[in-house]
Amino acid sequence: MSLTMKIENKMSGYHVVKLIGRLDGTTYAECESNIASLLIPETKTLMFDMTNLDYISSMGLRIIITTRRFIEGNGGSVQMINMQPQIEKVFKIANLLNGIMLFASVKEADDYFEAMQKKVLDTLR
């Protein structure tokens, strides 16, 4: 099986990367190449949508780690949504979930961000 990627630009500096299929030793190079264009200081939020990601290998994990280091190193954040149970298990085994926000859906993430922004605005009043 192969990997299909869809990159959505939600707004300036905010991207959703949908991963479909298998992120493994045969598909990681194309994934890495596609994500490289997003690894710029202006990218502040990168969300991996894993709804249809069926499998991830150590090479796939390496892409996530590299992406996270770059984005967070520039003051941004990486989130993951709709992580399948088998994928979440791999992340837990590799102890890679520390500091990454997991959301069940884009709506849940958007609701969370809206609430956080409202909270900040309320404290300013």
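The values are calculated or read from the model by the stated rules, or taken from the named source; none is laboratory data. All values reported here derive from a predicted model rather than from experimental measurement. With ideal geometry, Cβ positions are generated from the backbone for all residues, glycine too; neighbour counts draw on all protein chains shown.
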- Take segment 37-52 and flag every residue that is among the hydroxyl-bearing types (Ser, Thr, Tyr), assigned to a strand (DSSP E or B) and more than 13 Å from residue 76 (Cβ to Cβ). 51
- Is one or more of the residues making up segment 30-39 within 14 Å of the chain's Cα centre (by Cα), surrounded by 16 or more Cβ atoms within 10 Å (Cβ to Cβ) and under 18 Å from residue 88 (Cα atoms)? no
- Task: Take residue 32 and decide whether it is in contact with a helix residue (DSSP H, G or I) (Cβ under 9 Å, 6 or more places away or on another chain), acidic (Asp, Glu) and in a helix (DSSP H, G or I).
- Result: yes
- Enumeration of residues in segment 73-110 that are acidic (Asp, Glu) and either in contact with a strand residue (DSSP E or B) (Cβ under 7 Å, 6 or more places away or on another chain) or at pLDDT below 75 (or both): 110
- Could you grab the pairs with beta carbons closer than 7 Å, sequence gap of 6+ or different chains, first residue in segment 47-64 and without any contact (Cβ under 8 Å) to a residue 60 or more places away in the chain, second one in a loop (DSSP other than H, G, I, E, B) and among the aromatic types (Phe, Trp, Tyr)? none
- In segment 4-23, anything in contact with a helix residue (DSSP H, G or I) (Cβ under 8 Å, 6 or more places away or on another chain) and farther than 16 Å from residue 83 by Cα is listed as 7
- Query: Looking at segment 40-49, which of its residues are among the charged types (D, E, K, R) and either surrounded by 15 or more Cβ atoms within 10 Å (Cβ to Cβ) or modelled with pLDDT of 95 or more (or both)?
  - Reply: 44, 49
- Query: If residue 24 satisfies every condition in (1) crowded, with 17+ Cβ neighbours inside 10 Å; (2) out of contact with any Gly (no Cβ under 7 Å at 6 or more places or on another chain); (3) among the acidic types (Asp, Glu) but one, which is the exception?
  - Reply: (2)
- Query: Within segment 11-22, can one find any residue that is within 23 Å of residue 112 (Cα to Cα), among the aromatic types (Phe, Trp, Tyr) and at pLDDT below 95?
  - Reply: yes
- Check segment 5-28 and report whether any residue there is part of a loop (DSSP other than H, G, I, E, B) and within 12 Å of the chain's Cα centre (by Cα). no
- Task: Test each condition in (1) modelled with pLDDT of 90 or more; (2) surrounded by 15 or more Cβ atoms within 10 Å (Cβ to Cβ); (3) in contact with a Ser or Thr (Cβ under 9 Å, 6 or more places away or on another chain); (4) outside any loop (DSSP other than H, G, I, E, B) for residue 55 and report the one that comes out false.
- Result: (3)
